[in-house]
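Peer 1: Here it is, the structure, as C-alpha coordinates.
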Amino acid sequence: MSRILTGIQATGRPHLGNILGAIEPALALSASQPAPSFFFIANLHTLTAVKDASTLQENTLEVAAAWLACGLDTRKDVFYRQSAIPEVTELTWYLNCCTPFPMLANAHSFKDKSAHLAEVNAGLFTYPVLMAADILLYQADVVPVGKDQKQHLEMTRDIASAFNRAFGETLVLPEARISEAVMTIPGIDGRKMSKSYNNYLNIFEEEKALRKRVMQIVTDSTPVEAPKNPDTCNVMAIYRLVAPATDVAALEARYRSGGMGYGEAKQALFEALLTRFATARERYAELKKDPAQIIHQLEEGEARAREIAHGMLDRVRKAIGFA
(Lines give C-alpha, C1' and ligand atoms only; values in the text may rest on other atoms or scores of the structure.)
Protein backbone atom coordinates (compact mmCIF):
# COMPACT_ATOMS: atom_id res chain seq x y z
CA MET A 1 0.00 0.00 0.00
CA SER A 2 1.24 3.49 -0.85
CA ARG A 3 1.75 6.08 1.86
CA ILE A 4 0.45 9.49 0.75
CA LEU A 5 1.78 12.67 2.33
CA THR A 6 1.13 16.34 1.68
CA GLY A 7 1.87 19.56 3.54
CA ILE A 8 -0.24 22.69 3.91
CA GLN A 9 1.34 26.10 4.50
CA ALA A 10 0.05 27.95 7.57
CA THR A 11 -0.89 31.06 5.63
CA GLY A 12 -4.32 31.56 7.15
CA ARG A 13 -7.82 30.56 6.18
CA PRO A 14 -7.82 28.64 2.86
CA HIS A 15 -9.83 30.28 0.07
CA LEU A 16 -12.04 28.71 -2.59
CA GLY A 17 -9.07 28.06 -4.88
CA ASN A 18 -7.23 26.17 -2.13
CA ILE A 19 -10.29 24.08 -1.35
CA LEU A 20 -11.17 23.10 -4.92
CA GLY A 21 -7.60 22.83 -6.18
CA ALA A 22 -5.85 21.18 -3.23
CA ILE A 23 -7.92 20.18 -0.19
CA GLU A 24 -10.75 18.30 -1.87
CA PRO A 25 -8.47 16.43 -4.36
CA ALA A 26 -6.11 15.41 -1.53
CA LEU A 27 -8.96 14.11 0.63
CA ALA A 28 -10.44 12.24 -2.34
CA LEU A 29 -7.07 10.61 -3.04
CA SER A 30 -6.77 9.57 0.60
CA ALA A 31 -10.29 8.13 0.61
CA SER A 32 -9.42 6.00 -2.43
CA GLN A 33 -6.95 3.82 -0.54
CA PRO A 34 -7.11 2.03 2.84
CA ALA A 35 -3.76 3.10 4.30
CA PRO A 36 -3.69 6.27 6.40
CA SER A 37 -2.48 9.40 4.64
CA PHE A 38 -0.31 12.05 6.28
CA PHE A 39 -1.46 15.68 6.22
CA PHE A 40 0.64 18.24 8.04
CA ILE A 41 0.53 21.99 8.62
CA ALA A 42 3.90 23.33 7.49
CA ASN A 43 4.27 26.03 10.12
CA LEU A 44 8.07 25.73 10.17
CA HIS A 45 8.07 26.67 6.48
CA THR A 46 5.75 29.58 7.25
CA LEU A 47 8.33 30.98 9.66
CA THR A 48 10.46 32.03 6.68
CA ALA A 49 7.90 34.78 6.05
CA VAL A 50 5.75 35.22 9.18
CA LYS A 51 7.53 36.53 12.27
CA ASP A 52 4.55 37.20 14.56
CA ALA A 53 3.66 34.51 17.12
CA SER A 54 -0.07 35.29 17.39
CA THR A 55 -0.46 35.44 13.60
CA LEU A 56 1.32 32.11 13.19
CA GLN A 57 -0.88 30.48 15.84
CA GLU A 58 -4.10 31.85 14.37
CA ASN A 59 -3.09 30.88 10.83
CA THR A 60 -2.37 27.34 12.01
CA LEU A 61 -5.79 27.03 13.67
CA GLU A 62 -7.59 28.41 10.60
CA VAL A 63 -5.86 25.99 8.25
CA ALA A 64 -6.58 23.06 10.57
CA ALA A 65 -10.23 24.08 10.97
CA ALA A 66 -10.69 24.32 7.20
CA TRP A 67 -9.27 20.84 6.53
CA LEU A 68 -11.36 19.31 9.30
CA ALA A 69 -14.47 21.15 8.09
CA CYS A 70 -13.91 19.82 4.57
CA GLY A 71 -13.97 16.25 5.82
CA LEU A 72 -10.48 15.20 6.89
CA ASP A 73 -10.99 12.01 8.94
CA THR A 74 -8.48 12.01 11.80
CA ARG A 75 -9.58 8.51 12.85
CA LYS A 76 -7.97 7.22 9.63
CA ASP A 77 -5.47 9.85 8.51
CA VAL A 78 -2.59 11.42 10.45
CA PHE A 79 -3.02 15.19 10.88
CA TYR A 80 -0.30 17.14 12.65
CA ARG A 81 1.71 20.34 13.02
CA GLN A 82 5.18 20.15 11.54
CA SER A 83 6.60 22.08 14.51
CA ALA A 84 5.39 19.39 16.95
CA ILE A 85 7.76 16.79 15.44
CA PRO A 86 11.33 17.85 16.34
CA GLU A 87 12.76 14.86 14.48
CA VAL A 88 12.15 16.70 11.21
CA THR A 89 14.65 19.42 12.06
CA GLU A 90 17.33 16.91 13.03
CA LEU A 91 16.82 15.04 9.76
CA THR A 92 17.01 18.37 7.92
CA TRP A 93 20.55 18.88 9.21
CA TYR A 94 21.66 15.43 8.07
CA LEU A 95 20.15 16.06 4.64
CA ASN A 96 21.72 19.54 4.47
CA CYS A 97 25.08 17.81 4.70
CA CYS A 98 24.22 15.76 1.61
CA THR A 99 22.84 18.67 -0.45
CA PRO A 100 25.11 20.58 -2.86
CA PHE A 101 24.96 24.38 -2.77
CA PRO A 102 24.21 24.77 -6.53
CA MET A 103 21.07 22.65 -6.14
CA LEU A 104 19.64 25.06 -3.57
CA ALA A 105 20.78 28.10 -5.54
CA ASN A 106 18.79 26.78 -8.50
CA ALA A 107 15.58 26.22 -6.52
CA HIS A 108 12.62 28.31 -7.68
CA SER A 109 11.81 29.27 -4.09
CA PHE A 110 15.22 30.98 -3.89
CA LYS A 111 15.68 32.22 -7.47
CA ASP A 112 12.37 34.08 -7.41
CA LYS A 113 13.75 36.29 -4.64
CA SER A 114 17.47 36.23 -5.41
CA ALA A 115 17.38 39.71 -6.92
CA HIS A 116 16.86 41.03 -3.37
CA LEU A 117 19.25 38.92 -1.34
CA ALA A 118 18.97 41.13 1.73
CA GLU A 119 15.39 39.86 2.05
CA VAL A 120 16.37 36.18 1.75
CA ASN A 121 16.88 34.34 5.04
CA ALA A 122 18.72 31.04 5.40
CA GLY A 123 15.43 29.27 6.05
CA LEU A 124 14.17 30.26 2.62
CA PHE A 125 17.42 29.12 1.00
CA THR A 126 17.25 25.68 2.63
CA TYR A 127 13.46 25.41 2.23
CA PRO A 128 13.76 22.44 -0.19
CA VAL A 129 15.81 20.45 2.35
CA LEU A 130 13.21 20.87 5.08
CA MET A 131 10.59 19.84 2.53
CA ALA A 132 12.66 16.75 1.74
CA ALA A 133 12.87 15.92 5.44
CA ASP A 134 9.08 16.29 5.76
CA ILE A 135 8.66 13.60 3.12
CA LEU A 136 11.54 11.25 3.86
CA LEU A 137 10.91 11.12 7.61
CA TYR A 138 7.62 9.27 7.02
CA GLN A 139 8.82 7.08 4.13
CA ALA A 140 6.13 8.57 1.88
CA ASP A 141 5.65 6.79 -1.44
CA VAL A 142 3.34 9.33 -3.09
CA VAL A 143 3.32 13.12 -2.72
CA PRO A 144 0.50 15.00 -4.48
CA VAL A 145 1.86 18.34 -5.69
CA GLY A 146 1.09 21.05 -8.17
CA LYS A 147 3.32 21.59 -11.19
CA ASP A 148 5.08 24.43 -9.35
CA GLN A 149 6.32 21.94 -6.72
CA LYS A 150 7.64 19.34 -9.17
CA GLN A 151 11.21 20.66 -8.85
CA HIS A 152 11.14 20.23 -5.07
CA LEU A 153 10.09 16.59 -5.40
CA GLU A 154 12.92 15.98 -7.86
CA MET A 155 15.32 17.59 -5.38
CA THR A 156 13.96 15.37 -2.60
CA ARG A 157 14.73 12.29 -4.67
CA ASP A 158 18.23 13.59 -5.46
CA ILE A 159 18.94 14.37 -1.79
CA ALA A 160 17.67 10.96 -0.69
CA SER A 161 19.79 9.26 -3.35
CA ALA A 162 22.89 11.15 -2.17
CA PHE A 163 22.24 10.07 1.43
CA ASN A 164 21.70 6.45 0.39
CA ARG A 165 24.94 6.41 -1.63
CA ALA A 166 26.85 7.72 1.35
CA PHE A 167 25.25 5.70 4.15
CA GLY A 168 23.44 2.77 2.57
CA GLU A 169 19.85 2.25 1.43
CA THR A 170 17.89 3.98 4.18
CA LEU A 171 15.51 6.52 2.65
CA VAL A 172 12.52 5.81 0.40
CA LEU A 173 12.51 7.79 -2.85
CA PRO A 174 9.02 9.29 -3.23
CA GLU A 175 7.02 9.68 -6.41
CA ALA A 176 5.32 12.94 -7.28
CA ARG A 177 1.61 12.69 -8.08
CA ILE A 178 0.97 15.58 -10.45
CA SER A 179 -2.56 15.58 -11.80
CA GLU A 180 -2.95 17.23 -15.17
CA ALA A 181 -6.58 17.68 -14.26
CA VAL A 182 -5.83 19.90 -11.26
CA MET A 183 -7.83 22.99 -11.98
CA THR A 184 -6.71 26.58 -11.95
CA ILE A 185 -9.41 28.39 -10.01
CA PRO A 186 -10.19 31.86 -11.39
CA GLY A 187 -10.36 34.76 -8.98
CA ILE A 188 -12.85 37.61 -8.95
CA ASP A 189 -10.72 39.50 -11.52
CA GLY A 190 -10.20 36.54 -13.86
CA ARG A 191 -6.61 35.84 -12.86
CA LYS A 192 -5.67 32.74 -10.85
CA MET A 193 -7.27 33.00 -7.41
CA SER A 194 -4.56 34.03 -4.97
CA LYS A 195 -4.14 35.88 -1.70
CA SER A 196 -1.26 37.80 -3.26
CA TYR A 197 -3.67 39.21 -5.86
CA ASN A 198 -6.41 39.79 -3.25
CA ASN A 199 -8.87 38.29 -5.72
CA TYR A 200 -10.07 35.33 -3.67
CA LEU A 201 -13.41 34.14 -2.29
CA ASN A 202 -13.46 33.00 1.32
CA ILE A 203 -16.26 30.47 1.68
CA PHE A 204 -16.01 30.54 5.47
CA GLU A 205 -16.86 34.23 5.71
CA GLU A 206 -20.11 35.45 7.20
CA GLU A 207 -22.86 35.47 4.54
CA LYS A 208 -23.07 39.25 4.16
CA ALA A 209 -19.31 39.58 3.64
CA LEU A 210 -19.22 36.65 1.20
CA ARG A 211 -22.07 38.10 -0.87
CA LYS A 212 -20.35 41.48 -1.01
CA ARG A 213 -17.22 39.80 -2.29
CA VAL A 214 -19.12 37.85 -4.95
CA MET A 215 -20.75 41.08 -6.14
CA GLN A 216 -17.26 42.50 -6.75
CA ILE A 217 -16.48 39.92 -9.47
CA VAL A 218 -15.31 41.76 -12.59
CA THR A 219 -17.67 41.57 -15.59
CA ASP A 220 -17.99 43.42 -18.89
CA SER A 221 -20.48 46.19 -19.72
CA THR A 222 -22.93 44.19 -21.83
CA PRO A 223 -26.46 45.63 -21.29
CA VAL A 224 -29.03 43.62 -19.34
CA GLU A 225 -31.21 42.97 -22.39
CA ALA A 226 -28.36 41.75 -24.61
CA PRO A 227 -27.20 38.12 -24.91
CA LYS A 228 -23.95 37.34 -23.08
CA ASN A 229 -21.18 34.84 -23.63
CA PRO A 230 -20.97 32.43 -20.66
CA ASP A 231 -17.58 31.20 -21.85
CA THR A 232 -15.86 34.55 -21.25
CA CYS A 233 -17.52 35.53 -17.96
CA ASN A 234 -15.68 35.34 -14.63
CA VAL A 235 -18.94 34.68 -12.76
CA MET A 236 -19.77 31.72 -14.96
CA ALA A 237 -16.24 30.33 -14.73
CA ILE A 238 -16.56 30.02 -10.95
CA TYR A 239 -20.21 28.92 -11.07
CA ARG A 240 -19.27 25.92 -13.22
CA LEU A 241 -16.95 24.70 -10.46
CA VAL A 242 -19.46 24.77 -7.62
CA ALA A 243 -22.96 24.28 -9.06
CA PRO A 244 -24.71 21.08 -10.27
CA ALA A 245 -24.49 20.42 -14.03
CA THR A 246 -28.23 21.03 -14.54
CA ASP A 247 -28.00 24.45 -12.88
CA VAL A 248 -24.94 25.31 -14.95
CA ALA A 249 -26.76 24.46 -18.18
CA ALA A 250 -29.78 26.53 -17.13
CA LEU A 251 -27.68 29.59 -16.29
CA GLU A 252 -25.72 29.29 -19.54
CA ALA A 253 -29.04 29.35 -21.42
CA ARG A 254 -30.06 32.51 -19.54
CA TYR A 255 -26.78 34.15 -20.60
CA ARG A 256 -27.33 33.37 -24.26
CA SER A 257 -30.99 34.40 -24.37
CA GLY A 258 -30.45 37.87 -22.91
CA GLY A 259 -32.63 39.71 -20.42
CA MET A 260 -30.45 38.85 -17.43
CA GLY A 261 -28.00 41.18 -15.73
CA TYR A 262 -24.73 40.12 -14.19
CA GLY A 263 -26.10 40.95 -10.75
CA GLU A 264 -28.57 38.08 -11.11
CA ALA A 265 -25.78 35.72 -12.17
CA LYS A 266 -23.69 36.79 -9.17
CA GLN A 267 -26.63 36.12 -6.86
CA ALA A 268 -26.94 32.63 -8.37
CA LEU A 269 -23.23 32.05 -7.69
CA PHE A 270 -23.57 33.26 -4.11
CA GLU A 271 -26.46 30.87 -3.46
CA ALA A 272 -24.55 28.02 -5.11
CA LEU A 273 -21.59 28.63 -2.80
CA LEU A 274 -23.83 28.56 0.27
CA THR A 275 -25.44 25.32 -0.87
CA ARG A 276 -22.23 23.60 -1.95
CA PHE A 277 -20.37 24.40 1.26
CA ALA A 278 -23.21 24.45 3.79
CA THR A 279 -21.88 21.53 5.82
CA ALA A 280 -18.29 22.78 5.72
CA ARG A 281 -19.32 26.29 6.78
CA GLU A 282 -21.32 24.95 9.71
CA ARG A 283 -18.51 22.66 10.82
CA TYR A 284 -15.91 25.43 10.49
CA ALA A 285 -17.96 27.78 12.65
CA GLU A 286 -18.29 25.07 15.33
CA LEU A 287 -14.56 24.39 15.35
CA LYS A 288 -13.59 28.06 15.58
CA LYS A 289 -15.88 28.49 18.59
CA ASP A 290 -14.05 25.68 20.37
CA PRO A 291 -10.36 25.66 19.35
CA ALA A 292 -9.72 22.92 21.91
CA GLN A 293 -11.40 20.50 19.46
CA ILE A 294 -8.85 21.42 16.82
CA ILE A 295 -5.87 21.15 19.18
CA HIS A 296 -7.08 17.78 20.47
CA GLN A 297 -7.27 16.28 16.98
CA LEU A 298 -3.86 17.68 16.07
CA GLU A 299 -2.29 16.32 19.24
CA GLU A 300 -3.70 12.85 18.57
CA GLY A 301 -2.21 12.95 15.08
CA GLU A 302 1.09 14.24 16.41
CA ALA A 303 1.40 11.28 18.77
CA ARG A 304 0.99 8.93 15.81
CA ALA A 305 3.37 10.92 13.61
CA ARG A 306 6.02 11.16 16.34
CA GLU A 307 6.11 7.38 16.80
CA ILE A 308 6.88 6.88 13.11
CA ALA A 309 9.31 9.81 12.98
CA HIS A 310 11.23 8.55 16.01
CA GLY A 311 11.65 5.09 14.50
CA MET A 312 12.79 6.45 11.15
CA LEU A 313 15.26 8.90 12.69
CA ASP A 314 16.73 6.07 14.75
CA ARG A 315 17.39 4.18 11.49
CA VAL A 316 19.00 7.29 9.98
CA ARG A 317 21.24 7.84 13.01
CA LYS A 318 22.38 4.20 12.91
CA ALA A 319 23.13 4.49 9.19
CA ILE A 320 25.27 7.58 9.80
CA GLY A 321 27.07 5.95 12.71
CA PHE A 322 25.63 8.02 15.54
CA ALA A 323 23.93 5.12 17.33
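Peer 1: Just how much of Arg213 is accessible, in Å², when a 1.4 Å probe is used and the result is rounded to the nearest 10?
Peer 2: About 40 Å², rounded to the nearest 10.
Peer 1: Roughly how many Å² is the accessible area per residue of the range 8-58, as a whole number, for a 1.4 Å probe?
Peer 2: Using a 1.4 Å probe on heavy atoms only, each residue of the range 8-58 averages 39 Å².
Peer 1: Rounded to the nearest 0.05, what FRET efficiency do Ala31 and Glu282 give with R0 = 25 Å and r taken as the Cβ-Cβ distance? Could you check?
Peer 2: 0.75
Peer 1: Let me ask you something else. Can you tell me the convex hull volume per residue for the range 11-59, based on C-alpha atoms, in Å³ to the nearest whole number?
Peer 2: Spread over its residues, the Cα hull of the range 11-59 gives 85 Å³ apiece.
Peer 1: In the range 144-240, if every C-alpha pair distance is counted and binned at 5 Å from zero, what percent goes to each bin?
Peer 2: Answer for the range 144-240: a P(r) of 2, 11, 14, 14, 12, 10, 9, 7, 7, 6, 4, 3, 1, 1, 0 percent.
Peer 1: Using a 1.4 angstrom probe and counting only protein chains, how large is the accessible area of Glu206 in Å², to 10?
Peer 2: 120
Peer 1: Now for a separate question. Residues of the range 187-323: accessible area per residue at 1.4 Å, in Å²?
Peer 2: So the range 187-323 comes to 54 Å² accessible per residue, rounded to a whole number.
Peer 1: Set the bar at 19 Å for Cα to Cα. Now go through Lys51/Lys288; Lys111/Lys147; Lys266/Lys288; Lys195/Lys289; Lys76/Lys318 and name every pair that lies beyond it.
Peer 2: Correct reply: Lys51/Lys288; Lys266/Lys288; Lys195/Lys289; Lys76/Lys318.
Peer 1: Now a separate question. In Å², and per residue, what accessible area does the range 113-175 have when probed at 1.4 Å with the other protein chains present?
Peer 2: 45
Peer 1: Could I ask something else about it? Pull up all non-local amide H partners of Thr48: gap of 5 or more, or a different chain, and H-to-H distance under 5 Å with H placed in the peptide plane.
Peer 2: The answer is none.
Peer 1: With every protein chain in place, what's the accessible area of Lys111 (1.4 Å probe, Å², nearest 10)?
Peer 2: Lys111 exposes around 100 Å² with every protein chain in place.
Peer 1: Follow-up. Of the accessible area of the range 165-278, with the probe set at 1.4 angstrom, what percent is carbon plus sulfur?
Peer 2: Accessible surface attributable to carbon and sulfur in the range 165-278 totals 51 percent.
Peer 1: What do you reckon, how do Asp77, Asp220, Asp189 stack up by accessible area (1.4 Å probe), largest on top?
Peer 2: Largest accessible area first, the residues go Asp220, Asp189, Asp77.
Peer 1: Could you run the Debye sum over the Cα atoms of the chain, one equal point scatterer each and no solvent, and tell me log10 of I(q)/I(0) at q = 0.09, 0.12, 0.14 Å⁻¹, two decimals?
Peer 2: Cα-only, vacuum Debye calculation for the chain: -0.54, -0.88, -1.12.
Peer 1: For the pair Ala292/Ser257, report the inter-label distance in nm, with labels modelled 7 Å from Cα in the Cβ direction.
Peer 2: 5.5
Peer 1: Could you give the length gained by full extension between Glu119 and Ser196, i.e. 0.36 nm per residue of separation minus their alpha carbon distance, to one decimal place?
Peer 2: Taking 0.36 nm per residue and subtracting the Cα distance, the gain is 26.0 nm.
Peer 1: Another one. Taking the 0 to 90 degree range and rounding to the nearest ten, how far is the long axis of helix 87-96 tilted relative to the main principal axis of the chain, both from C-alpha atoms?
Peer 2: Its long axis makes an angle of about 70 degrees.
Peer 1: Give me the percent relative contact order of the chain, please, defined on Cα pairs under 8 angstrom at least 6 residues apart.
Peer 2: 21
Peer 1: Within the accessible area of the range 1-139, what % is carbon and sulfur when the probe is 1.4 Å and the other protein chains stay in place?
Peer 2: Ligands and nucleic acids excluded, carbon and sulfur reach 59 percent.
The values are calculated or read from the model by the stated rules, or taken from the named source; none is laboratory data. Fair warning: this is a prediction, and the values are worked out from it, not measured in the lab. All Cβ positions, glycine included, derive from the backbone under ideal geometry; neighbour counts span all protein chains shown. What goes into the accessible areas is simple: the full protein's heavy atoms, side chains included, and nothing from ligands, DNA or RNA. Shrake-Rupley method; radii C 1.70, N 1.55, O 1.52, S 1.80 Å.
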